[in-house]
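The values are calculated or read from the model by the stated rules, or taken from the named source; none is laboratory data. Everything numeric here is computed off the predicted structure, so don't read it as measured data. Every residue, glycine as well, gets a Cβ built from its backbone with ideal geometry; the counts of neighbours run over all protein chains shown.
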C-alpha cells in the first residue's frame, strides 16, 4: 500500500512537471504569435500611408511618372485582403524603398515639403518606423526564448512530442540593410 | 567653457556670500559645542567626585583604571547634547536655508542646461509617486487625495468625520530639494509606510521625466504593475533590471536598444541600481540614496568643513551631475 502511495506521489510530481513544461512552451508560442501580430498591425499602418504618398506625388512631382506608377501599383497590391504574411513582408520591403525614394524626391522637389500632407506622412512614418523596429525586437526576443525552450533539454522532448519547431527570426531585408542608392531605386524593375 | 571652469568662476563670484554663510555656520556650531562641552565637563566632574568619595586611597592607578570609561562617557554625552542642541537650534535652520537658497540655487541655475528651477523645501507629491506603481507598499492606500490629510510630514487617512485616527494607516512622507526642469522634475524623498504595513523605510532620489513618445502603457521593475516578466534584448540589462509588462511590444518601443545600454552604463558608472517604471506618458526613476550615519547627504550644507573648502563645491557638482546626468544619459528629455 505504502509503495502505491509513494508511486502515486512520484507520478503526480512528474505529471505536474510535464504540465509545467508544456504550459511554458505554449506561453512562449503565444508570445511569439502576439508579437508577430503587433508587427502586422504596424506594417498595415505603414501601408495606410501609401495613398497619402500617392496624393502628394501626384500634386508635386507629376514628371516622376515611374515613381507614381510604382506607388499606385503598390497601393493596389496592399489593399488585397488575402495577403499572406510572407506577401506582406515582401510588400513592406517595397514600401520601405518607396518611402526612401519619396523623401529623396522631396529634396529634388522642395515644393513637396510645403504640402501639409507631406509633413503628416513624415511625422507618422517616423513613429511607425520606431514601432515596427520595436515590434521586430520584441518578436525576435520572443523567438529567442521560444527557440531556447524548443532546443534545450528537457523541454525539447515535450516540444518534439507536440510538434513545436524552431522558428525563423524576423530580419531586416537585404535592401534595408544596405545604404540605398535612391537614384537606382525601381530602375532595375 | 566646461562645467569645472564655470564652477570655479561661480565660486569666485559667490565668495562674499560664502563668507557670510561661513559666519552663519560657525554661529550655528558655537552654542551646541559650548553647551555640549559644559554638560560633559559637569557630568564627568560629578561622576569623578562620586567615585572618589567611595575610594579611600586615590592613586594614579585609580585614574588610569577609570580613564577609558570616562572618555567614552564624556564623548557620548558631548555627542548627545551637541546633536540635540544643533538639530533644534534656529541658527542651524537659518544657515541651511540660506545655504540652499543662495549656493545650491546658484549652482543649479548657472551650471545646468536650461536653468531648471530649484525649491529647497518642496518635494514631489505623494500621489504622483503612488501613480508610479514602483512601491507596492502604497497599494493599500486610497488613490483619492480627499481621503488624506497632510500634516507635519505625515499623510493621515481621514475617518468619517475627517479627523485622523491613531489606528488608521499613515505614511510618513517627507522630502526636499525639488528641481523642476523643462520636462522633468526630481526631489529627495523619505518615506515610511505606517502601521499595519511593513516597516519598509526608504530614502530616495525620485525623478519624473515626460516621455517624448506617445504611449498609454505601464511597465517597470516592480511586479506591482504586472506578473508577466519579460526579457529585453540586452542580457546585461536583464540581469540588472527585472521588467514586468503586459504589453511587451510597448516596452520595447519605450526602451530602445541604446537606452538599455545607457541604463546599464549608468549602473556601472555610479554603482547605484535603481527602480523604474513607465506609466502613461511618464518615466519614473527611484534611486536609493544612502542616509545612514556618516554618509554624505545629497545637496546638504557642510557642518564641520569650512565653506571656503573648494572640494565641497566639486561634490555638489558631482551630485547635480548624478541627478541631471540621468535625464541626459537616458536622453529622455
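What to note about this one:
- Only residues that are touching a strand residue (DSSP E or B) at 6+ places or on another chain (Cβ under 9 Å) and over 25 Å from residue A:129 (Cβ atoms) were counted across region B:239-267, and they come to 3.
- Only one of the numbered conditions (1) more than 14 Å from chain A (Cβ to nearest Cβ); (2) modelled with pLDDT of 85 or more; (3) surrounded by 17 or more Cβ atoms within 10 Å (Cβ to Cβ) is violated by residue B:192, and that is (2).
- Verdict on residue B:261 being within 11 Å of chain A (Cβ to nearest Cβ) and either over 25 Å from residue B:137 (Cβ atoms) or surrounded by fewer than 20 Cβ atoms within 10 Å (Cβ to Cβ) (or both): no
- Filter pass, residue B:266 being touching a helix residue (DSSP H, G or I) at 6+ places or on another chain (Cβ under 8 Å), assigned by TED's automatic domain parsing to the domain that holds residue B:128 and in contact (Cβ under 8 Å) with a residue 60 or more places away in the chain: yes
- Wholly within region A:52-155, helices (runs of 4 or more DSSP H) carrying at least 2 residues that are within 14 Å of chain B (Cβ to nearest Cβ), in contact (Cβ under 8 Å) with a residue 12 or more places away in the chain and under 22 Å from the mean Cα position of the chain (by Cα): A:116-151
- Qualifying positions in region B:112-124 - within 21 Å of the chain's Cα centre (by Cα) and either part of a helix (DSSP H, G or I) or at pLDDT below 85 (or both): B:112
- Residue among B:239, B:314, B:261 that alone is at pLDDT 90 or above, at negative phi and not in a strand (DSSP E or B): B:239
- Scanning region B:99-122 for residues that are free of Cβ contacts under 8 Å to residues at least 60 places away in the same chain and out of contact with any helix residue (DSSP H, G or I) (no Cβ under 9 Å at 6 or more places or on another chain) yields B:101, B:105, B:109.
- Residue A:25 falls short on exactly one of the conditions (1) in contact (Cβ under 8 Å) with a residue 60 or more places away in the chain; (2) surrounded by 20 or more Cβ atoms within 10 Å (Cβ to Cβ), and that condition is (2).
- Flag for residue A:166 being under 16 Å from residue A:25 (Cα atoms) and in contact (Cβ under 8 Å) with a residue 40 or more places away in the chain: no
- Residue in region B:199-210 that is in the same structural domain as residue B:137 (by TED's automatic domain parsing), out of contact with any helix residue (DSSP H, G or I) (no Cβ under 7 Å at 6 or more places or on another chain) and at pLDDT 85 or above present: yes
- Matching residues, region B:218-232, being surrounded by 18 or more Cβ atoms within 10 Å (Cβ to Cβ) and either within 14 Å of chain A (Cβ to nearest Cβ) or not in a strand (DSSP E or B) (or both): B:219, B:221, B:222, B:224, B:225, B:226, B:230, B:232
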